[in-house]
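Asks: Here it is, the structure in full.
The values are calculated or read from the model by the stated rules, or taken from the named source; none is laboratory data. These numbers were taken from a predicted model, which means no experiment stands behind them. We place every Cβ from the backbone using ideal geometry, glycine too, and count neighbours over all the protein chains shown. Surface accessibility is based on the protein's heavy atoms, side chains included, excluding ligands, DNA and RNA. Shrake-Rupley method; radii C 1.70, N 1.55, O 1.52, S 1.80 Å.
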Amino acid sequence: MLPITQEGDAVLRQIAKPLPEELFNTPELTQMLKDMEETLDAQPDGVALAAPQVAISYRIFIVRYDRMKSADSVTEDYQNRLGVFINPTFVKTSKRQVDMQEGCLSVRGLYGTTLRHERATIRAQNEKGEWFTRGAGGILAQAFQHETDHLDGVLFTDHAIDLYTQDHKLAEHSHESE
């Protein structure tokens, strides 16, 4: 298990590098993904994790599908517990955007409202280097956007409004200040 980097760590503000082709199908990548999965699994409130959050500056993120739906409503689409997205790019986002509550494992204890595309389609590679496309709505679309922000050195607090801790509201921002 790796430590989760926290706001203020320089790696969270860097633009992550694409994973080089020579790292696909290697023990090094397998270990990196295993370490990321173990780290995410140890965070019961986490649904996804980007490599920069564990001080790895590659364009990789993982999602836990089984944490995105309640256990009694798991569909066939979510039976694979873990999704791996390497070198992801958006191929399509909905015009409609919605306000969503958001937090982050790298900004512990702080929450806010972010404006996210309601739907998003991403193209990425799997651990073998094979390209695939995955569309999503709701919390999975939100995770795609949140984790891709991490790969671009952006934290949700950079564009969130109504920031608060569990105890109280901290600051008032507006979307116009983006």
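Asks: Looking only at segment 7-28, count every residue that is among the small types (G, A, S), free of Cβ contacts under 8 Å to residues at least 12 places away in the same chain and not in a helix (DSSP H, G or I) and tell me the total.
Replies: Residues in segment 7-28 being among the small types (G, A, S), free of Cβ contacts under 8 Å to residues at least 12 places away in the same chain and not in a helix (DSSP H, G or I): 1 in total.
Asks: Right, something else. Return the total of residues in segment 81-98 being assigned to a strand (DSSP E or B), touching a residue at least 24 places away in the same chain (Cβ under 8 Å) and either surrounded by fewer than 16 Cβ atoms within 10 Å (Cβ to Cβ) or not aliphatic (A, V, I, L, M) (or both).
Replies: Adding up the residues that qualify gives 10.
Asks: From the list T148, T157, T114, T121, pick out the single residue that is among the polar types (S, T, N, Q), closer than 18 Å to E37 by Cα, open to solvent by less than 40 Å² (accessible area, probe 1.4 Å) and outside any loop (DSSP other than H, G, I, E, B).
Replies: Answer to the selection: T148.
Asks: So, G8, is that one open to solvent by 50 Å² or more (accessible area, probe 1.4 Å) and either of a type in the set (A, V, I, L, M) or at pLDDT below 95 (or both) or not?
Replies: Judged against the criteria, G8 is a match.
Asks: Please find, within segment 124-138, the residue that is modelled with the lowest pLDDT out of those that are buried (at least 18 other Cβ atoms within 10 Å of the Cβ) and hydrophobic (A, V, I, L, M, F, W, C).
Replies: A136
Asks: Only one of these is open to solvent by 20 Å² or more (accessible area, probe 1.4 Å), at pLDDT 95 or above and polar (S, T, N, Q): T39, T26. Name it.
Replies: It is T26.
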